[in-house]
Amino acid sequence: MKLSDFSALTFDCYGTLIDWESGMVAGLRPLTDRIAARDGVAPDRNAILEAHARQESTHQRQTPAKVYSDLLACVYRRLAEEWNVAVSWDEALTYGASVEHWPAFPDSAEALA
């Protein structure tokens, strides 16, 4: 089998090319900063990612066809509720839109060249 035998190749870019964990943690900073101001300490990276994964998977099961940026906005609201922090819908939408700014891993461009 040769690469030229294929007319198209696909792969998941999140976690492969895009550092989605760092993007999520950065995008959630307005929320986690408020927790730090209130409690004196913000949730650590692992706690943030675990809570996000739990909320995301629950919401995806309920609405599997939802556009990912819209799903992220809902996850933001659910995390805010879980952590007892008031947020606006506009703030949640901003988090949903942050996906387009999530960073690539340092070696992504070279790997695709």
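Take each complete run of DSSP H in the chain, measure how far its Cα atoms stretch along the helix's own axis, and keep only those covering 30 Å or more with mean Kyte-Doolittle hydropathy at least 0.0; list them. Before the final figure, lay out each step's value.
Values: long enough: none.
Span-like helices in the chain: none at all.
Calculate, in nm to one decimal, what Asp70 and Glu100 gain on full extension: separation in residues at 0.36 nm each, minus their alpha carbon distance.
Working: separation 30, 0.36 × 30 = 10.80 nm, distance 1.27 nm.
Fully extending the segment from Asp70 to Glu100 adds 9.5 nm.
Share of Cα-Cα pairs in the chain beyond 15 Å, in percent? Show your work: numbers first, answer last.
Numbers: 4346 of 6328 pairs.
Cα-Cα pairs of the chain separated by over 15 Å account for 69 percent.
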### Message
Once each part is reduced to its C-alpha centroid, what is the distance from region 87-108 to region 17-50 in angstrom?
### Response
12 Å
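Subtract the Cα-Cα distance of Leu9 and Arg29 from 0.36 nm times their separation in residues, and report this length gain in nm to one decimal. Mind dumping the intermediate values first?
Numbers: separation 20, 0.36 × 20 = 7.20 nm, distance 3.51 nm.
Computed gain between Leu9 and Arg29 is 3.7 nm.
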### Message
How large is the direction-averaged shadow of the alpha-carbon convex hull of region 43-90, in nm²?
### Response
3.4 nm²
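Laboratory data are not the source of any read-out in this text; all were calculated from the coordinates shown. Quick caveat, the model's predicted, so the values are computed rather than measured.
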